[in-house]
Amino acid sequence: MDNIIQVKSLNYQVDDQKILTDINLNVERNSYLTFVGPSGSGKSTLMRIIASMINATSGEVLFNGKNLREYDPTTYRQKVSYAFQQPTLFGKTVKDNLEFPFLVRKQEFDRAKVTSYLEMVNLTEKYIEKSVNDVSGGEKQRIALLRNLIFPPEVLITDEVTTGLDADNKNIVRSLIDHFNRDEGVTVLRVTHDDAEISAATRKITIEKGGIKND
Ligand SMILES: Nc1ncnc2c1ncn2[C@@H]1O[C@H](COP(=O)(O)OP(=O)(O)OP(=O)(O)O)[C@@H](O)[C@H]1O
Ligand SMILES: [Mg+2]
């Protein structure tokens, strides 16, 4: 089996509080996993560890067979991209945000490409010049997600990215993620509390009290 990510005997503890205990997980390349479980059970913490934003207390995460700590952090973030539970836009304009993926790759901003991405999430070219203060919460979420996808990663982690969106925009975001999984080979790790997403999920992993529940 071709595993893009393997989590082995992973623990995460802050002071004497055990937040994740003995997590073992194999993620097959190009799969689409849905993580569910009560609030506070450790889902975002696990995702942050896989995304290399925080370090596990013990155990390891392998990406393409190699410990994630062996990768250069900037390169790793381009390959394993985390879409935040509560995204924020930085800088002054939407452009500052959508230009960032080009800058880190030392590439010119490609306005046509960015416009086609904006259109994929029901936004228009005119958003490029908008101030970050003048976009709604739901628009912010979609723009933040585009930051993760303009250059498709190998693994996309989405942490409750459809929360708070209306039904139409939830569907837009879901089909966008489905498209990248199906047509671009992106492996997806999705965290959600959304009933429709949970019932449509093909592979569900339940996190409870910091551990994987076997059901
Ligand atoms: N740095 C930290 N210091 C102390 N406690 C932490 C820290 N990070 C996370 N926790 C605790 O770990 C537990 C798991 O948090 P986490 O954010 O992973 O939950 P979650 O499953 O994503 O919840 P939700 O569904 O509400 O987003 C919570 O009790 C949280 O308060
Ligand atoms: Mg969370």
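The values are calculated or read from the model by the stated rules, or taken from the named source; none is laboratory data. Since we're looking at a predicted model, the values are computed, not measured. Counting neighbours? That spans all protein chains shown, and the Cβs are built from the backbone with ideal geometry, glycine included.
A few points about this structure:
- Residue that is nearest to SER81 (Cα to Cα) [pool: residues in region 30-47 that are outside any loop (DSSP other than H, G, I, E, B) and either among the acidic types (Asp, Glu) or near ligand 2 (Cβ under 9 Å from one of its atoms) (or both)]: MET47
- Among the residues making up region 1-11, a single one is assigned to a loop (DSSP other than H, G, I, E, B) and either surrounded by 17 or more Cβ atoms within 10 Å (Cβ to Cβ) or acidic (Asp, Glu) (or both): ASP2.
- Considering the conditions (1) away from ligand 2 (no atom under 16 Å from the Cβ); (2) at pLDDT 95 or above; (3) in a loop (DSSP other than H, G, I, E, B), VAL61 is excluded by exactly one of them, (3).
- Here GLY138 passes the criteria (1) within 16 Å of ligand 2 (Cβ to nearest atom); (2) outside any loop (DSSP other than H, G, I, E, B); (3) at pLDDT below 95 except the one numbered (1).
- Verdict on PHE63 being surrounded by fewer than 16 Cβ atoms within 10 Å (Cβ to Cβ) and within 19 Å of the chain's Cα centre (by Cα): no
- Assessment of region 158-168 against the conditions (of a type outside the set (Ser, Thr, Tyr), within 28 Å of TYR12 (Cα to Cα) and either part of a helix (DSSP H, G or I) or touching a helix residue (DSSP H, G or I) at 6+ places or on another chain (Cβ under 8 Å) (or both)) yields at least one matching residue.
- Of the residues screened, VAL14 is one that is surrounded by fewer than 17 Cβ atoms within 10 Å (Cβ to Cβ) and within 12 Å of ligand 1 (Cβ to nearest atom).
- Look at region 28-51: where a residue is closer than 18 Å to GLY65 by Cα and in contact (Cβ under 8 Å) with a residue 60 or more places away in the chain and a partner is away from ligand 1 (no atom under 12 Å from the Cβ) and among the basic types (Lys, Arg), sitting 6+ places away or on another chain with Cβ atoms under 7 Å, you get SER31/ARG203.
- Matching residues, region 64-91, being among the polar types (S, T, N, Q), within 24 Å of ARG105 (Cα to Cα) and not in a strand (DSSP E or B): ASN64, THR74, THR75, GLN78, THR88
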